[in-house]
Amino acid sequence: MSRKLKVINVVGARPNFMKIAPLWREQKKYSNDFESILLHTGQHYDYQMSQRIFGDLDLPKPDIYLNVGSGSHAEQTAKVMIPFEKCLKELEPDLVLVVGDVNSTLACAVVASKMHIPVAHVEAGLRSFDRTMPEEINRLLTDQLADYLFVTENSAITNLIHEGRPIGRIFFSGNVMIDSLVRSINKSDDAILDKFKLNPDEYALVTLHRPSNVDDPETLKGIINALIRISESVKVIFPVHPRTRKNFKAFYLDDLINSTAANLIVCDPVGYLDFIALERDAKMVLTDSGGIQEECCYMKIPCLTLRYNTERPVTIDCGSNKLTGSNPENIVQHAMGIINNPPTELHTPDKWDGRAAVRIIEEIRWLFEMAPKSKRPLSVKV
Ligand code: UD1
Ligand code: UDP
């Protein structure tokens, strides 16, 4: 390729930032080959959900900010699609790079694909097989449209092949979320533990934001009651996602949360470096997040996933993750199990080594003829 490859790197919501950061850095290493544009849809916009995380990841200010904000699924997806189409008309990129499974991921993949612009999907092929999850719809459709599918674990390869995606377009690259973790883990200190008066290995860390857990009053109340019971045995810290915070208020649960003893600490979302410090030193993590299941797996921290399925089965196979569902009794029982008898046989998944972005950019350079044809990167071939 004689001119630079123009790549639009799409981000929208919190977990996208950790995934794009290493890919962005790797493109910058080859500045003769890439013209990289960072586009933020604005799906997440609070300082703590966006700007703060950009700072922690050393990501620059986005080149393009679409400012779409919140809305129903159709509204939000459409609000991304319309200005994104205009950007693509104006910029005529050679590649659109999307990550993960949020509405911004799908919206940008649809628009690019209809304009015949190649799409690369990083974190392709994960499946919960639960179509009530909006993310499952986003994953299925993005993977049907994407030209290049970079996967984090073997289950994703099987899923994509079952769905008829050609094997030659699937690349087992490893996990870019773990690249960010590996780079950042030593940069994060324990100041956040001091701030909340926490001792390493003596507290549980909680996050919740799945609609199935937080959009139904009875389910959310049941989970809070389970956390209150757990906090009688071990301190609990709970940085609250804005969706969940909104529902505490809507379902009149603020009093229940605030009435508890000091052992249940509820706070706003924390920065990325602070969050991984809290994760690293936790006795256990209780979550319904996708990325946090993976981070716990890499750091070998016991993780209880408050869901009935996971699209990341390797985290269960490697020993750190267990599914509890949202039944309060079950959650408490599993948490007590970890307090009394923490798991010991924990492993790290294949290629979760901090070098996934290196492999992905190496492969993209080869695919777009920026690297010698004779040297196809073997590392990412299935
Ligand atoms: C989104 C993703 C989800 C991902 C999560 C990561 C979709 C369908 N969902 O869920 O896959 O796991 O991000 O955190 O894309 N809000 C704010 N401030 C913000 C952002 C959101 O107040 O900066 C509130 C708004 O009331 C909004 C609600 O949170 O309506 C939900 O936000 P939205 O982006 O629609 O979905 P998430 O639940 O954040
Ligand atoms: N995270 C963070 N601050 C918090 C909670 C989470 O920086 O208060 C980070 C966490 O370390 C992980 C990512 O956010 O890297 C996960 O994002 P989230 O749970 O919002 O989305 P999901 O992975 O479920 O799509």
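Throughout, read-outs are computed from the coordinates displayed, never taken from laboratory work. This one's a predicted model, so the numbers in the text were calculated from it and none came from an experiment. Heads up, the Cβs are rebuilt from the backbone with ideal geometry, glycines too, and the neighbour counts pull from every protein chain shown.
In whole angstrom, the stretch 158-284 maps to an equivalent ellipsoid with semi-axes of 32, 23, 12, each derived as √(5λ) from the alpha carbon gyration tensor and ordered largest first. Once the C-beta distance of Lys300 and Ser31 is scaled by a Förster radius of 45 Å, the resulting FRET efficiency is 0.75 to the nearest 0.05. The distance separating the Cα centre of the stretch 24-76 from that of the stretch 80-119 comes to 14 Å. For Ile316 and Arg229, what does the FRET efficiency come to when R0 = 30 Å and r is the distance between their Cβ atoms, rounded to the nearest 0.05? After rounding to 0.05, the efficiency reads 0.75.
Fewest-first ordering of His116, His40 by other beta carbons within 10 Å of each residue's beta carbon gives His116, His40. Which helices pass in the chain if a helix is a full DSSP H run, must span at least 30 angstrom along its long axis by Cα, and must have mean Kyte-Doolittle hydropathy not below 1.6? Qualifying helices, which must be both long enough and hydrophobic enough, do not occur. Distance between the C-alpha centres of the stretch 127-201 and the stretch 351-366: 14 Å, rounded to the whole angstrom. The modelled label-to-label distance for the pair Asn186/Glu163, using points 7 Å beyond Cα in the direction of Cβ, is 3.8 nm.
In loop segments of the stretch 112-187 as defined by DSSP, the chymotrypsin sites (Phe, Trp or Tyr not before Pro) with at most 15 further C-beta atoms inside 10 Å of their C-beta are Phe129.
How large is the dipole of the stretch 248-382 about the Cα centre if only Lys and Arg carry +1 and Asp and Glu carry -1, each at its Cβ, rounded to the nearest 20 debye?
Details: 15 positive and 18 negative charges, 151 e Å.
Dipole about the Cα centre, nearest 20: 720 debye.
For the chain, the Cβ-based charge dipole about the Cα centre amounts to some 840 debye (Lys, Arg positive; Asp, Glu negative; other atoms uncharged).
In loop segments of the stretch 295-382 as defined by DSSP, the GluC sites (Glu not before Pro) with at most 11 further C-beta atoms inside 10 Å of their C-beta are Glu345, Glu369. Measuring against 24 Å, Cα to Cα, the residue pairs Lys187/Lys283; Lys246/Lys322; Lys4/Lys61; Lys249/Lys283 contain Lys246/Lys322; Lys249/Lys283 as the ones spanning a longer distance. Comparing Gln48, Leu273, Leu106 along the charge dipole axis of the chain, the residue lying farthest to the positive side is Leu106, per the Cβ-charge model.
Each of Asp94 and Asp63 was given a label point 7 Å from its Cα along the Cα-to-Cβ line. The distance between the two points is 1.3 nm. Ranked from largest, the principal axis spans of the Cα set of the stretch 1-58 equal 41, 19, 13 Å.
Kindly flag which residue pairs out of Lys19/Lys300; Lys86/Lys375; Lys19/Lys195 have an alpha-carbon separation exceeding 26 Å in this structure. With Cα atoms farther than 26 Å apart: Lys86/Lys375; Lys19/Lys195.
Computed over the chain, the range of Cα coordinates on each principal axis works out to 65, 43, 40 Å, biggest value leading. Who wins for biggest fluctuation among Trp24, Trp366, Trp352 in a Gaussian network model of the chain, springs between alpha carbons below 10 Å? In this elastic network of the chain, the residue with the biggest mean-square fluctuation among Trp24, Trp366, Trp352 is Trp366. Quick check: from the Cα gyration tensor, does the stretch 243-382 come out rounded (a/c under 1.5), prolate or oblate? It comes out prolate by the Cα gyration axes. For Lys79, the lysines whose Cα comes closer than 19 Å to its Cα, not counting residues fewer than 8 places off in the same chain, are Lys89, Lys114.
Modelled this way, with points 7 Å down the Cα-to-C-beta line, the labels at Asn258 and Asn309 are 3.9 nm from one another. What the Cβ-Cβ distance of Lys6 and Arg243 gives, at R0 = 30 Å and to the nearest 0.05, is a FRET efficiency of 0.30. Normalised by the number of residues in the chain, the mean separation of alpha-carbon contacts (under 8 Å, six or more apart) gives a relative contact order of 17 percent. Under a Gaussian network description of the chain, with springs only between Cα atoms under 10 Å, the residue in Gln144, Gln333, Gln48 that fluctuates furthest is Gln333.
Can you compute the charge dipole magnitude of the stretch 155-246 about its Cα centre, using +1 on each Lys and Arg Cβ and -1 on each Asp and Glu Cβ, nothing else charged? Give it in debye, rounded to the nearest 20. Write down the numbers at each step before the final one.
Details: 13 positive and 11 negative charges, 65 e Å.
With only Lys, Arg, Asp and Glu charged at Cβ, the dipole is about 320 debye.
At q = 0.22 Å⁻¹ the log10 of I(q)/I(0) for the stretch 131-217 amounts to -1.08, computed by Debye summation with a single uniform scatterer per C-alpha, solvent ignored. Cysteine residues of the chain whose C-beta has no other cysteine C-beta under 4.7 angstrom: Cys87, Cys108, Cys267, Cys297, Cys318.
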